[in-house]
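Structure record follows, encoded as structure tokens.
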Amino acid sequence: VLDCATLLAGPMVATLLGAAARIAAGESLREEGLEGERPPSRSKVDLATMRRDDVFVLRSGSGGGIGDPLLRDAEIVARDVADGYLTAGHAELVYGVVTRADGTLDRAGTEVRRMALRRERIGREPRVDGRTPASVGVAVERGAAGWACASCATGFGAGEDWRGHGEVVRREALAADRFEERGMQVKRRAEAPDILLHEYFCGACAAALSTEVVVASER
Ligand SMILES: [Zn+2]
């Protein structure tokens, strides 16, 4: 909280009456207690003029994580929701984890949601259940028989590149569309080439295997 300053960057400036005095008194301000206007601004783009009792709120995304979000321990995801690290909506959308209003895990709802997301990934019913790979983040392993899904051991052939194998499902979409579906702010490209995401899934258990960022003209 500053008396007056102009800063570069930041999502919003809100006002909390008496904020400076309350901080001086040792109070921790919470976003829910803010009043007044909340003009959002894009990170690194806008100028924000701050006056006395304005509060500069900066919210940043968490890390990308490692491994398949649908194989993440649902209890841990629910705890992250309860602790405020994830919104309930994001937990359901990305992790397929459904929580109750009191913050506890809805186990049955989670099972239904996760199955729906797996079906959506591969466009059919998964044949087998996958588990978290022994080495988290290593979704495809190379053994004596060739490549295999590290979640369900389905083989992806002995060739150089597993991505073209018949048991691998590839999904292509505009990167901006996929980010937007997850509630992220993205600036759409106004000119060619398009930036795409190629997402690869195991055709047997629907585990997420790999995601590549692809320039449309180089595909
Ligand atoms: Zn699999």
Taking θ as phi - 60°, what are the ³J(HN,Hα) couplings along segment 190-202 by the Karplus curve (6.51, -1.76, 1.60), each to the nearest whole Hz, with x for Gly and Pro? 8, 9, 5, x, 6, 9, 10, 10, 9, 9, 10, 10, 6
About the Cα centre, charge dipole magnitude for the chain (Lys/Arg +1, Asp/Glu -1 at Cβ), debye: 260
Plugging the Cβ-Cβ distance of residue 28 and residue 100 into 1/(1 + (r/R0)^6) at R0 = 22 Å yields, to the nearest 0.05, a FRET efficiency of 0.20
Quick note, segment 77-136: a/c under 1.5 would make it rounded; otherwise a/b > b/c is prolate and the rest oblate (a ≥ b ≥ c, C-alpha gyration tensor); here it is prolate
In debye to the nearest 20, how big a dipole does segment 43-141 give about its Cα centre with +1 on each Lys and Arg Cβ and -1 on each Asp and Glu Cβ? 240
Quote the relative contact order of segment 74-219 in percent (integer), defining contacts as alpha-carbon pairs under 8 Å separated by 6+ residues. 18
Take the Cα pairs of the chain, get the Kirkwood Rh, then feed it into Stokes-Einstein at 10 °C and 1.306 mPa s and tell me D in µm²/s. 77
Restricting to DSSP H runs of at least four residues, report the calculated mean residue ellipticity at 222 nm for the chain, -39500 (n - 2.57) per run over all residues, nearest 500 deg cm²/dmol. -5000 deg cm²/dmol
If you plug each phi of segment 173-181 into the Karplus form 6.51 cos²θ - 1.76 cosθ + 1.60 with θ = phi - 60°, what whole-Hz ³J(HN,Hα) values come out, in order, with x for Gly and Pro? 7, 4, 4, 4, 5, 5, 5, 4, 4
Quick calc, residue 85 & residue 108: beta-carbon distance into FRET formula, R0 25 Å, rounding 0.05, result 0.60
Starting from the Cα gyration tensor of segment 62-181, take the square roots of the eigenvalues, sort them a ≥ b ≥ c, and report rounded, prolate or oblate (rounded when a/c is under 1.5, otherwise prolate if a/b is larger than b/c, else oblate). prolate
Label point at residue 211 placed 7 Å out along Cα→Cβ; residues across segment 179-193 whose backbone nitrogen lies under 19 Å: 179-189
Under a 5 Å amide H to amide H cut-off, with H placed in plane at 1.01 Å, what residues pair with residue 50 once short-range neighbours are removed? 5, 6, 7
How large is ³J(HN,Hα) for each residue in segment 153-161, as worked out from phi by the Karplus curve 6.51 cos²θ - 1.76 cosθ + 1.60 (θ = phi - 60°), to whole Hz, x for Gly and Pro? 6, 5, x, 10, x, 9, x, 5, 10
Placed amide H near residue 140: partners under 5 Å, 5+ positions off or other chain: 150
Residues residue 131 and residue 160, FRET efficiency given R0 of 25 Å [Cβ-Cβ distance, rounded to 0.05]: 0.40
Shape call for segment 132-200 from the C-alpha gyration tensor, a ≥ b ≥ c root eigenvalues: rounded (a/c under 1.5), prolate (a/b greater than b/c) or oblate? prolate
Sort out for me the Cα centre separation of segment 137-162 from segment 181-219, rounded to whole Å. 22
Restricting to Cα pairs below 8 Å that are 6+ residues apart, what does the relative contact order work out to for segment 89-155? Please round to a whole percent. 18
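Readers should treat all values here as calculations from the given coordinates under stated rules, not as data from a laboratory. Just so it is clear, the structure is predicted and the values come from calculations on it, not from any experiment. For neighbour counting, all protein chains shown are included, and Cβ atoms are generated from backbone atoms with ideal geometry for every residue, glycine included.
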